[in-house]
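Questions regarding the structure given below will be posed in turn.
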Number of protein chains: 2
Amino acid sequence: MDLKFKLKKTCSCGARLGEFETKWGKHKTPMFMPVGTQATVKTLSPEELKEAGADIILSNTYHLWLRPGEDIVDEAGGLHEFMNYKTGPILTDCGGFQVFSLAKPKDISEDGVKFKSHIDGKELFLTPEKSIEIQNKLGSDIIMSFDECPPYPVTHEYMKNSVERTLRWAKRSLDANKKRDTQAQFGIVQGGEFEDLRKWSAIETSKLDFDGYSVGGVSVGEAPDTKLKMIEYATKWLPEDKIRYLMGVGEPIDLIDGVIRGIDIFDCVSPTRLARHGNAHTRNGRMNIRNAKYARDFTPIEEDCDCYTCKNYTKAYIRHLIVADESFGQRLISIHNIRFLTKLMEDIREHIEKDDLLEFREEFYNKYYKK
Amino acid sequence: MDLKFKLKKTCSCGARLGEFETKWGKHKTPMFMPVGTQATVKTLSPEELKEAGADIILSNTYHLWLRPGEDIVDEAGGLHEFMNYKTGPILTDCGGFQVFSLAKPKDISEDGVKFKSHIDGKELFLTPEKSIEIQNKLGSDIIMSFDECPPYPVTHEYMKNSVERTLRWAKRSLDANKKRDTQAQFGIVQGGEFEDLRKWSAIETSKLDFDGYSVGGVSVGEAPDTKLKMIEYATKWLPEDKIRYLMGVGEPIDLIDGVIRGIDIFDCVSPTRLARHGNAHTRNGRMNIRNAKYARDFTPIEEDCDCYTCKNYTKAYIRHLIVADESFGQRLISIHNIRFLTKLMEDIREHIEKDDLLEFREEFYNKYYKK
């Protein structure tokens, strides 16, 4: 499926303003995608996601394969029908990251990965063909090619073999997609912190006919500077006219820095995961609502925030809910955190228009990170 | 505060149709009140409660006293402001039931009850005056007098001493209410399964100037027949022109049977507690959504239910959420279960109008309880 990506403007700093289309409408980039791991963005309804400014959401192939199983989702009429998400596109990942991080792989071969389920220990085998078959059944709007996501750090030799195999898997993934007319497909660039391997992976993957390219293996434990270099090494070799997606990154400054390095879309579990621990994003930094100083604070998390939570609830109440382990507290902070990131992306788009994103970055950084 | 209770009709079977007023509007009885133990009806927003047909909700004095503390709720402007529940009244219980069930009382004296907090083991002392002072600060629309809720069974002698003390506590509770102009107050009839003590408690409590009377100590482990007798023993001595409230009862047939014995309002945690375990009410009985037979059932919990859940989600999806331990599943079933009970009360009111509640009971019982 052609996403009709239009690059509307490239900033002097490297940031890109764009737009693409799906059957759900037009989608502005740069954008942030909340994650609905198990066919639900934790604690939230589709209506709340929409109100919080979410557009595309991501769901996890690995998790849905194990539970409830792709056949059930298929019989339901696909993931949109199954989870009643009918206001925007869904992107599914390929399962690679979860297989390598959650499931403790037993054995990686040219064919695929043999590993044990993190739920019941059952032995499973995931291949590029299987990952695509599952994603075809899930019926997401954008699917990802199957890749190896190596741990950090590994040797140059290990990574070279890995990116070469990931490229062969990318070709197999592309050949396996039986629904290319309705499901767009992205390739994944790996290569760790090695400039030559990122370059090779980006150039070779770009030769394949993907609808977008993602940068994988970032935010797996490397230093902040290394992270930015990993992105740069990849993006400078990616085609201008295709969407670029940085996987698993959701820290506010990383979103801005990713955009400056030419990234268009991002996903991360962080807004809902932070919420579970009582952490809320604010322009003045991360706030832990459990802090005793909020016990009598009858103002919203952020006075000028337009989210449902900030319009209706106080820090004192949300703190009470989190301390009392009431999931409504997690829900309220999740709504705010998602809105914080979708609003940040709106601001980023505005500052690309004005071509003053670097000034915005400076201002944002000083408020959020310097106490 | 005068609730201006109007008894509009008494059925041949004993069921009563009524209406009362608060500053939030007019409220039809018989009615069911969902419970928001810790200033939140678990997993639900105020908007969802309203949409599910909830009118009054109940919150727990004991829990709010311990956390966040009544002073914080008071400073917030009362419980409605604190929890953003602005579409209907809130009733608070007196803390008695929780003190006796959760907190393992150390020592009951004429003055009050000394016990340890179930949260941190801290020693606490609750008296009628303290219970009312807390409820005054919580700012609920209806408050309850402090009572002793003895375990079941106890001896006649124990119960006699207990109901006599509960009556003295009722007088002290009434004297302690500094906000009678804005907070209506109910007395509580105790007496266990003893007809003479229920009668005595009902008559003596009725002599005090309460705005309503509740029947306590029911559903604490006694047999179904005993339960109904406990209610009858009390209600036949209660004044016709005051609201009658059966505390802690939420099993569907018990609601109908309570109404037939002259009860006007009910509360119970059951709709949300059942939801947590994946249990949903249907007219054909209780459904455990975890059952494998629902894995591929793409129909709603109840086809003809008008709740948000049934209009938008399938059993297969809700089952997946519950099995995967996603709180959105609990939320969806909670919405349905609350709507099931508010709809049941609407049906009960309709059948009181038609004076065929006993036929409705028979029909309901046969569908819900006989497999």
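No lab work stands behind these numbers, since they all come straight from the coordinates. In this text, all values refer to a predicted model and were calculated from it rather than measured experimentally. Quick reminder, even Gly has a Cβ in these numbers, built from the backbone with ideal geometry, and neighbours come from all protein chains shown.
Please state the relative contact order of the range B:11-111 as a whole percent: Cα pairs under 8 Å, 6+ residues apart?
25 percent
Copy-to-copy spacing for A:E19, label 7 Å out on the Cα-to-C-beta vector, in nm, shortest first?
5.4
Given charges of +1 on the Cβ of Lys and Arg and -1 on the Cβ of Asp and Glu, with all other atoms neutral, how large is the dipole of the protein assembly as shown about its Cα centre, in debye to the nearest 20? Can you show the working numbers first?
Values: 110 positive and 118 negative charges, 110 e Å.
That gives the protein assembly as shown a dipole magnitude of about 520 debye.
Given only helices, namely DSSP H runs of n ≥ 4 each adding -39500 (n - 2.57), what is the per-residue ellipticity at 222 nm of the protein assembly as shown, to the nearest 500 deg cm²/dmol?
-12500 deg cm²/dmol
If R₀ is 56 angstrom, what is the calculated FRET efficiency for the pair B:E363 and A:I203, using the beta carbon separation as r and rounding to 0.05?
0.15
Using a Förster distance of 60 Å, how high is the FRET efficiency between B:D111 and B:N291, based on the Cβ-Cβ distance and rounded to 0.05?
0.70
Measuring from a point 7 Å out along Cα→Cβ, what nm distances, shortest first, does A:D304 have to its partners in the other copies?
Output for A:D304: 5.4 nm, nearest copy listed first.
At 7 angstrom along the Cα-to-beta-carbon line, where would the label on A:K207 sit relative to the other copies? Give the distances in nm, shortest first.
10.0
Okay, moving on. Can you give me the relative contact order of the range B:79-223 as a percent, contacts being Cα pairs under 8 Å and 6 or more apart?
Worked out over the range B:79-223, it gives 21 percent.
I need the shape label for the range A:181-281. Rule: rounded when a/c is under 1.5, else prolate if a/b > b/c, else oblate, with a, b, c from the alpha carbon gyration tensor. If you can, show how the numbers build up before the last one.
Values: a/c = 2.25, a/b = 1.45, b/c = 1.55.
The shape class here is oblate.
Rounded to whole Å, how close does chain A get to the rotation axis onto B by Cβ? Give me the residue too, please?
Closest to the rotation axis on chain A: A:S327, 2.
Moving on to the next point. With labels modelled as points extended 7 Å from the Cα through the Cβ direction, what inter-label distance (nm, one decimal) is found for B:K179 paired with B:T155?
Each label point lies 7 Å from its Cα, and together they span 4.2 nm.
To the nearest 20 debye, what is the magnitude of the charge dipole of chain B about its Cα centre, counting +1 on the Cβ of each Lys and Arg and -1 on the Cβ of each Asp and Glu?
It works out to roughly 700 debye.
Per-residue counts of other Cβ atoms within 10 Å, averaged by peptide: what ranking do you get for A:325-338, B:353-366, A:189-202, B:328-341, highest first?
B:328-341, A:325-338, A:189-202, B:353-366
Between the DSSP loop rule and a limit of at most 13 other Cβ atoms within 10 Å, which chymotrypsin sites (Phe, Trp or Tyr not before Pro) in the range A:15-107 are left?
Loop-located and lightly packed - none at all.
Still on this structure, please answer the following. Any chance you could list P(r) for the protein assembly as shown, counting all Cα-Cα pairs in 20 angstrom bins from zero, rounded to whole %?
Result, from short to long distances: 16, 42, 28, 14, 1 percent.
Looking at the P(r) of chain A, how many percent of alpha-carbon pairs lie beyond 25 Å?
That tail contains 54 percent of the Cα-Cα pairs.
OK, next. For a Förster distance of 45 Å, can you work out the FRET efficiency between the beta-carbons of B:E133 and B:S12, rounded to the nearest 0.05?
Details: r = 44 Å, r/R0 = 0.98.
Result of the calculation: an efficiency of 0.55.
Here's a follow-up. Considering only Cα-Cα distances, which of the following residue pairs are longer than 18 Å: A:K227/A:K367; B:K122/B:K171; B:K50/B:K343; B:K9/B:K50; B:K6/B:K178; A:K171/A:K227?
Beyond 18 Å between Cα atoms: A:K227/A:K367; B:K122/B:K171; B:K9/B:K50; B:K6/B:K178; A:K171/A:K227.
What is the magnitude of the charge dipole of the range B:164-204 about its Cα centre, with +1 placed on the Cβ of each Lys and Arg, -1 on the Cβ of each Asp and Glu, and no other charges, expressed in debye to the nearest 20?
320 debye
Remind me, relative contact order of chain A in percent, using alpha carbon pairs under 8 angstrom and six or more residues apart? Spell out each step's value before the answer.
Working: 736 pairs, mean separation 67.1, N = 371.
Relative CO of chain A lands at 18 percent.
Going by how many other beta carbons lie within 10 Å of each one, how would you line up A:D111, B:D74, fewest first?
Ascending number of Cβ neighbours within 10 Å: A:D111, B:D74.
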